[in-house]
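Structure, as structure tokens:
The values are calculated or read from the model by the stated rules, or taken from the named source; none is laboratory data. Since the structure is predicted, the reported quantities are computational estimates derived from the model, not experimental observations. Positions of Cβ are generated from backbone atoms using ideal geometry, with glycine treated the same way; all protein chains shown enter the neighbour counts.
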Amino acid sequence: MQLIDSHCHLNLSAFNNDVDAVVQRALETGIEKMIVIGTNLADSIKAIELAHKYPSIYATIGIHPHDSKNADEIGYERFKALSGDPKVVAYGEIGLDFYRDHSPKSVQRREFARQLNLAGELGLPVVIHDRDAHQEVYDIICSEEGYRHGGVIHCFSADYNWARRFVNLGFVISLPGTITFPKSHMQKEVAEKLNLDDLLVETDAPFLTPIPYRGKRNEPAYVGFVAEAIAKIRKLDPNEVAAATSANSKRVFNL
């Protein structure tokens, strides 16, 4: 299968010692492109550095909700400058995380709205993190104009009805390795009922490792297990899922 891992974190310390080997394994497994995600300024810069080192890697820039308490004007000016890099394909990972609350909710809301609009100014699609905050994420998106370039609800964890609502706003839904878990009933329903044109696959590496490697570090080479799980649910050839989700990633990220 030829696949695109639409969301991974090869810029994190988990890959400091063997990123070359990780990228090579991905390529040997048929992963043609990987989107490395920025979660703060330093991680965004590292994502861009990786993108320039490896032709198969592209980068995003932005501030994760966990880091939103550290947002400042200097950082936002740097993001504006970085957005002009030809290998930057999206703004994110931005959004709300009301599960861990590493930043105050009020700060998360404020910085999410600000970054949505900055993405709109920069002409970039957005990569959105939504954990235990579906209604508020949806409401903020609807109240702002910055999502007009579309984007991704990454690592989708809500039910099919929420998936449809986000798709109706112009987003695609990205499914991670957790869809291989026995109890991932909502994700399986989303995979079954959404149009294939509305789905991406991701690893979120080094997190959310799929079966059969659950419990070990995740990496882009494993994204095929996500595509295979979707294919099994939809009763399709895995190559059809791979082709469709790769085309969707190319469309969303203008690859």
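Answer yes or no as to whether residue 174 is more than 30 Å from residue 111 (Cβ to Cβ) and at pLDDT 95 or above.
Criteria not met by residue 174.
Within segment 175-223, which residues are closer than 21 Å to residue 240 by Cα and aromatic (Phe, Trp, Tyr)?
Scanning segment 175-223 gives a single hit, 222.
Of everything in segment 214-240, what is of a type outside the set (Gly, Ala, Ser) and more than 18 Å from the chain's Cα centre (by Cα)? Give them in sequence order.
Scanning segment 214-240 gives 214, 216, 228, 232, 233, 234, 235, 236, 237, 238, 239, 240.
Does residue 177 satisfy the condition of being touching a Leu at 6+ places or on another chain (Cβ under 8 Å) and more than 27 Å from residue 91 (Cβ to Cβ)? Lay out the reasoning, then the answer.
Details: touching a Leu at 6+ places or on another chain (Cβ under 8 Å): yes; more than 27 Å from residue 91 (Cβ to Cβ): no.
Answer is no for this residue.
Out of the helices (runs of 4 or more DSSP H) lying entirely within segment 138-255, which hold 1 or more residues that are exposed (fewer than 15 other Cβ atoms within 10 Å of the Cβ) and in contact with a Lys or Arg (Cβ under 7 Å, 6 or more places away or on another chain)?
By residue number, 185-193.
Looking only at segment 203-253, filter to residues that are among the aromatic types (Phe, Trp, Tyr) and in contact (Cβ under 8 Å) with a residue 40 or more places away in the chain; which one of those is farthest from residue 23 (Cα to Cα)? Full working, then the answer.
Of the residues in segment 203-253, the ones among the aromatic types (Phe, Trp, Tyr) are 207, 213, 222, 225, 253.
Those still in the list that are in contact (Cβ under 8 Å) with a residue 40 or more places away in the chain too: 207, 222, 225, 253.
Working: 207: 16, 222: 12, 225: 17, 253: 20 Å.
That would be 253.
I'd like to check something: does segment 63-73 contain any residue that is under 29 Å from residue 250 (Cβ atoms) and in contact (Cβ under 8 Å) with a residue 60 or more places away in the chain?
Within segment 63-73, one or more residues are under 29 Å from residue 250 (Cβ atoms) and in contact (Cβ under 8 Å) with a residue 60 or more places away in the chain.
Name every residue in segment 93-111 that is within 20 Å of residue 148 (Cβ to Cβ) and either loosely packed, with under 13 Cβ neighbours inside 10 Å or modelled with pLDDT under 95 (or both), in order of residue number.
Selection gives nothing.
Can you tell me how many residues in segment 1-57 are of a type in the set (S, T, N, Q) and surrounded by 24 or more Cβ atoms within 10 Å (Cβ to Cβ)?
So the count comes out to 3.
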